[in-house]
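In what follows, a single structure is set out as structure tokens and then discussed.
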Amino acid sequence: MKTYLQRMRAIALGWGAVGLVYGSSSILQRQGVVLQESALDRMMPYNPHGVWLYLSFFVLIPLTYASIELRQLPWLTRAMQLCAAICMVVFMLWPTTLMFPPIVGHSASDMAMRLLAAGDTTQNCLPSLHGALTLLCAWALLDRKRPWRSLLALLWGLGIAYATVQTRRHLSADLSAGMLLGLICGYLSYRLCSRPTTSASTAASCNAVTAHTISTQSPPP
């Protein structure tokens, strides 16, 4: 029960902070700058059927919090909070939007796209929090001792990234900025763990996560 509460607290503080920023900024910000498609975007034409992979993001996040070791929770939570803080500044100072394609079909995918569009903000495009959080979750799930889980996490993350552009919820520039943000915030989270003012218990947890990540990325001796 204690472990369950720890995980619920971590997801509330991490993912919850992102949701708070995403929702509140869309109410307070001015009209966004319209981003234009690039040649790379045109290589990935709009397809509503990608919505299911796009929506699997909302499964990946809680599954990651439920699957990783307890010692990894402080790092992941802090990294998401950093993403939220940085995005709040960007969304307020430079809100962005894009030209969303019309949804004209009547398939299940089209219906899902309509529901998604109705519940989502038309702004907060760059950087893509979808991309940032997907990268952080894939990163957290990497484990040298669990190669199949690591491979699945990478493939799942890449699939979500592709679907994010395919469904035109973001453009490739948004996605690239979001993934870069995820990398930066993941690194900063490690750095914050090593500060002298950090409590011994938090530092121990973060150092364990750092060692875990290094072991997943280092080649065998």
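We did not get these values from a lab; they are worked out from the coordinates using the rules stated. All of these numbers come straight from a predicted model, not from anything done at the bench. Virtual Cβ from ideal backbone geometry, glycine too; neighbours counted across all protein chains shown.
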Worksheet item: Considering amide H positions built from the backbone, and no H for Pro or chain starts, which residues 5 or more places from Leu98, or on another chain, come under 5 Å of its amide H?
Response: Leu35
Discussion item. Whole-Hz ³J(HN,Hα) for each residue in the range 42-59, computed from phi via Karplus 6.51 cos²θ - 1.76 cosθ + 1.60 with θ = phi - 60°, x for glycine and proline: what do you get?
Written reply: 5, 6, 10, x, 4, 8, x, 5, x, 4, 5, 5, 4, 6, 5, 3, 6, 9
Item to complete: Go through [x] 15.8; [y] 14.1; [z] 12.9 and flag the label whose value is the computed mean projected area of the Cα convex hull in nm² for this structure.
Response: [y]
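Using Cα pairs under 8 angstrom and six or more residues apart, how large is the relative contact order of the range 97-153, in percent?
Numbers: 24 pairs, mean separation 14.2, N = 57.
It rounds to 25 percent for the range 97-153.
If contacts are Cα pairs under 8 angstrom and at least 6 residues apart, what is the relative contact order of the chain in percent? Don't skip to the end; give the middle numbers.
On the way: 298 pairs, mean separation 64.4, N = 221.
29 percent.
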Discussion item. With 10 angstrom as the radius, rank Leu13, Leu20 by how many other C-beta atoms surround their C-beta, starting from the fewest.
Written reply: Leu20, Leu13
Worksheet item: What ³J(HN,Hα) values, in whole Hz, does the Karplus curve 6.51 cos²θ - 1.76 cosθ + 1.60 give for the range 138-147 when θ = phi - 60°, with x put for Gly and Pro?
Response: 4, 4, 5, 7, 5, 8, 4, 7, 10, x
Fill in: Under Karplus coefficients 6.51, -1.76 and 1.60, residue-wise ³J(HN,Hα) of the range 174-179 in Hz, glycine/proline x
4, 5, 4, 5, x, 5
Practice prompt. For the range 49-103, just say rounded, prolate or oblate: build the C-alpha gyration tensor, square-root its eigenvalues into a ≥ b ≥ c, call rounded for a/c under 1.5, and beyond that prolate if a/b exceeds b/c, oblate if not.
Written response: oblate
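Order of Phe100, Phe58, Phe91 from fewest to most other C-beta atoms within 10 Å?
Values: Phe100 14, Phe58 11, Phe91 25.
Starting with the residue having the fewest Cβ neighbours, the order is Phe58, Phe100, Phe91.
Using the count of nearby Cβ atoms within 10 Å as a rough guide to exposure, how do Val51, Val59 rank from fewest to most? Write out the running numbers ahead of the final one.
Numbers: Val51 24, Val59 11.
Lowest to highest Cβ neighbour count: Val59, Val51.
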